[in-house]
1. Given the criteria at pLDDT 95 or above and open to solvent by 70 Å² or more (accessible area, probe 1.4 Å), does PHE18 qualify?
2. Determine, yes or no, whether GLY69 is modelled with pLDDT of 95 or more and in contact with a Phe, Trp or Tyr (Cβ under 8 Å, 6 or more places away or on another chain).
3. Condition first: β-branched (Val, Ile, Thr) and without any contact (Cβ under 8 Å) to a residue 12 or more places away in the chain. Now tell me which residues in region 88-135 satisfy that.
4. Being touching a helix residue (DSSP H, G or I) at 6+ places or on another chain (Cβ under 6 Å) and not acidic (Asp, Glu), is that true of even one residue in region 125-145?
5. Touching a Ser or Thr at 6+ places or on another chain (Cβ under 8 Å) and not small (Gly, Ala, Ser): which single residue out of LEU148, LEU133, LEU125, LEU158 fits that description?
6. State which residue pairs qualify: first residue at positive phi and inside region 50-66, second residue in a strand (DSSP E or B) in any location, beta carbons under 9 Å apart, and separation of 6 or more residues or different chains.
7. Would you confirm, using the coordinates I've provided, whether ALA109 is of a type in the set (Gly, Ala, Ser) and modelled with pLDDT of 85 or more?
Amino acid sequence: MQYSKIPDQDIVIKNVTFQDITKIIELQKESFPSMLEEGSVWGEKHLRSHVEIFPEGQFCVEFRNKIIGSSSSLIVRLPSEYAIHTFSEVSGNSLFTNHDPDGDSLYGAYISIHLDFRRLGIATLLYKARKDLAIKYNLRRIIAGGRLINYCNYADRLSAEEYVQKV
């Protein structure tokens, strides 16, 4: 089912609650089947931890009571300007246990949009919610990264740059 335009009155952007977790896990499975295969989809313990630690940084988009998008963020302070880090390090092994309310950067850890709702501005709504949050907390920046799928299988012999060039 494809939508060319979603009526604004049918869209709700809100903070994730514990009751949303099961629906968000299903959204991840539908949105990232390859991550599901490699065991990289966040489970209930991860999402529960995000909501417990930093509820203001967890957003979802509902369309007619169905979650069609979600994002997770935490506040961090990297030791130096754009310090090299791994996702595991910066996200507290995906549990956000290293969320730092006194940090200076909103770290966009994840975003997911249902396949049927891509290219309709849903991600833009989530990024705007992040931007508004960064402004509210007077943070100096938003940092977001992307995964290099299967890079872990080559990290011992290729730099990230080399892997990207080869892929």
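1. Working: at pLDDT 95 or above: yes; open to solvent by 70 Å² or more (accessible area, probe 1.4 Å): yes.
It is true that PHE18 is at pLDDT 95 or above and open to solvent by 70 Å² or more (accessible area, probe 1.4 Å).
2. Working: modelled with pLDDT of 95 or more: yes; in contact with a Phe, Trp or Tyr (Cβ under 8 Å, 6 or more places away or on another chain): yes.
So GLY69 fits the description; yes.
3. Within region 88-135, THR124, ILE135 qualify.
4. So in region 125-145, the residues touching a helix residue (DSSP H, G or I) at 6+ places or on another chain (Cβ under 6 Å) come out as 142.
Then keep just the ones that are not acidic (Asp, Glu); that gives 142.
The answer is yes; a qualifying residue exists.
5. Details: LEU148 fails: touching a Ser or Thr at 6+ places or on another chain (Cβ under 8 Å); LEU125 fails: touching a Ser or Thr at 6+ places or on another chain (Cβ under 8 Å); LEU158 fails: touching a Ser or Thr at 6+ places or on another chain (Cβ under 8 Å).
Going through LEU148, LEU133, LEU125, LEU158 in turn, the sole match is LEU133.
6. ASN65/VAL12
7. Values: of a type in the set (Gly, Ala, Ser): yes; modelled with pLDDT of 85 or more: yes.
For ALA109, the condition - of a type in the set (Gly, Ala, Ser) and modelled with pLDDT of 85 or more - is met.
The values are calculated or read from the model by the stated rules, or taken from the named source; none is laboratory data. All values derive from a computational prediction rather than experimental measurement. Please note: Cβ atoms are built from the backbone with ideal geometry, for glycine as well, and neighbour counts cover all protein chains shown. Remember, those area values only see protein heavy atoms, side chains included, never the ligands or the DNA or RNA. Shrake-Rupley method; radii C 1.70, N 1.55, O 1.52, S 1.80 Å.
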